Each structure stands twice: as structure tokens, then as C-alpha cells.
Amino acid sequence: MNYSLYACALVHRYGREILASPGMQQSRLYLQHGHVSVYSHSLAVALVCVAIATRLHIRADQRALVRGALLHDYFLYDWHHKDASHRWHGVHHAARALQNAQRDFALRPVERDMILRHMFPLNLHPPRTREGVLLCLADKLCATREVVSGRLPRRSPRTG
């Protein structure tokens, strides 16, 4: 997917520290959906958050939007491996992501709310902020695209 230069610039501006951090670099090793790493998924979600807010003229705290989106899946383990500590990954990973993010970064209340509540409606607590609503939407869009693209047959290049 192509993202606007504006979205890329905002993610770079507000997310540079997070993207370069050891934890985010570690997330490159873990698959999220299909063949997409947690790192790539988180980056795509941040870009889509900014794109939606821009396209729909939604006023949002751009810094919090980018940072919360980048850290929403900062759980730092491979949930595909069978392990009792992440048995109910879909339900519990948001709390783990928040715990890790708070350990590694100074978070503002909007960012904490975004991370903790991004799995609504699987988790029953909806986001309290417009940034959190944007994250829920962008996360579902990206996850759907990643899962579907991983299951579609690859097209072979046309010849002739």
C-alpha cells in the first residue's frame, strides 16, 4: 500500500525513537498475521491511523496517535509458539504491550488508553479517545489485509 508523504513524515517525526528501540527491533523477529512481522504491522497501523485522520479531517493528537499505534502490539513474544504465558493472546496481549511500553517509554494517558483498549470489541472496554477509535479501526483494517493477503494465491507474472 502507498502512504502519503505526510503520513510517512509524521510517523518518522513522532515515532523515530520507538522504531529504533531494541524492543521494536526485536519485534521484527515475530510474526503477527500471515507473513507480516509485528514491526511491519505496527508501522502500517501507524501510517493508516494518520491517513484516516487526515482523509476524514479528524482532529487528533498526532504525536499520541503515532506513538500509541506503534506500541499497540509491543508484547515482545511470538504468540504462535505454544506457551502458557500467552495462551489467551488475543485477550491479554494489550495489557502486556502496555506493561512493556510503560517500562521502555514515557507514555501519556492517551497513548496508554490506545494500547490497552485497541482490541475492542474482543476486549469489552471501548477506547475513551478519538485516537483510540482510530487505532481500533486501523488495526482491524491492517490485520484483515494481512491475513487475507497471506491466504490468497500468489499471482505469477504475466508472460507474453
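The values are calculated or read from the model by the stated rules, or taken from the named source; none is laboratory data. This is a predicted model, so every value here is computed, not measured. As a convention, Cβ positions derive from the backbone with ideal geometry for all residues, glycine included, and neighbour counts pool all protein chains shown. Keep in mind that these areas ignore ligands, DNA and RNA; they rest on the heavy atoms of the full protein, side chains included. Shrake-Rupley method; radii C 1.70, N 1.55, O 1.52, S 1.80 Å.
Side notes on the structure shown:
- Subset of segment 63-77 [charged (D, E, K, R) and surrounded by 24 or more Cβ atoms within 10 Å (Cβ to Cβ)]: ARG67, ASP73
- Exactly one residue out of VAL66, VAL148, VAL110 is at pLDDT below 95, assigned to a helix (DSSP H, G or I) and either farther than 15 Å from VAL45 by Cβ or touching a helix residue (DSSP H, G or I) at 6+ places or on another chain (Cβ under 6 Å) (or both), and it is VAL148.
For (1) more than 16 Å from TYR6 (Cα to Cα); (2) of a type in the set (Val, Ile, Thr); (3) under 15 Å from the mean Cα position of the chain (by Cα), each residue gets a yes or a no:
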position: SER21; (1), (2), (3): yes, no, no
position: MET24; (1), (2), (3): yes, no, yes
position: LEU31; (1), (2), (3): yes, no, yes
position: TYR39; (1), (2), (3): yes, no, yes
position: ALA44; (1), (2), (3): no, no, yes
position: ILE52; (1), (2), (3): no, yes, yes
position: ILE58; (1), (2), (3): no, yes, no
position: VAL66; (1), (2), (3): no, yes, yes
position: LEU71; (1), (2), (3): yes, no, yes
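- A residue that is charged (D, E, K, R), in contact with a Leu (Cβ under 7 Å, 6 or more places away or on another chain) and closer than 23 Å to ALA20 by Cα cannot be found anywhere in segment 93-110.
- From PHE120, PHE105, residue being modelled with pLDDT under 90 and either aromatic (Phe, Trp, Tyr) or open to solvent by less than 10 Å² (accessible area, probe 1.4 Å) (or both): PHE120
- In summary, SER156 fulfils each of the numbered conditions (1) open to solvent by 60 Å² or more (accessible area, probe 1.4 Å); (2) polar (S, T, N, Q); (3) at pLDDT below 90; (4) under 19 Å from GLN32 (Cα atoms) with the single exception of condition (4).
- Among residues of segment 27-40, those that are open to solvent by less than 70 Å² (accessible area, probe 1.4 Å), touching a residue at least 24 places away in the same chain (Cβ under 8 Å) and in a helix (DSSP H, G or I), counted: 2
Yes/no per residue for (1) at pLDDT 95 or above; (2) open to solvent by 10 Å² or more (accessible area, probe 1.4 Å); (3) outside any helix (DSSP H, G or I); (4) out of contact with any His (no Cβ under 9 Å at 6 or more places or on another chain):
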| site | (1), (2), (3), (4) |
| --- | --- |
| ASN2 | no, yes, yes, yes |
| VAL11 | yes, no, no, yes |
| GLY15 | yes, no, no, yes |
| LEU19 | yes, yes, no, no |
| GLN25 | yes, yes, no, yes |
| SER42 | yes, no, no, no |
| VAL48 | yes, yes, no, yes |
| ILE52 | yes, yes, no, yes |
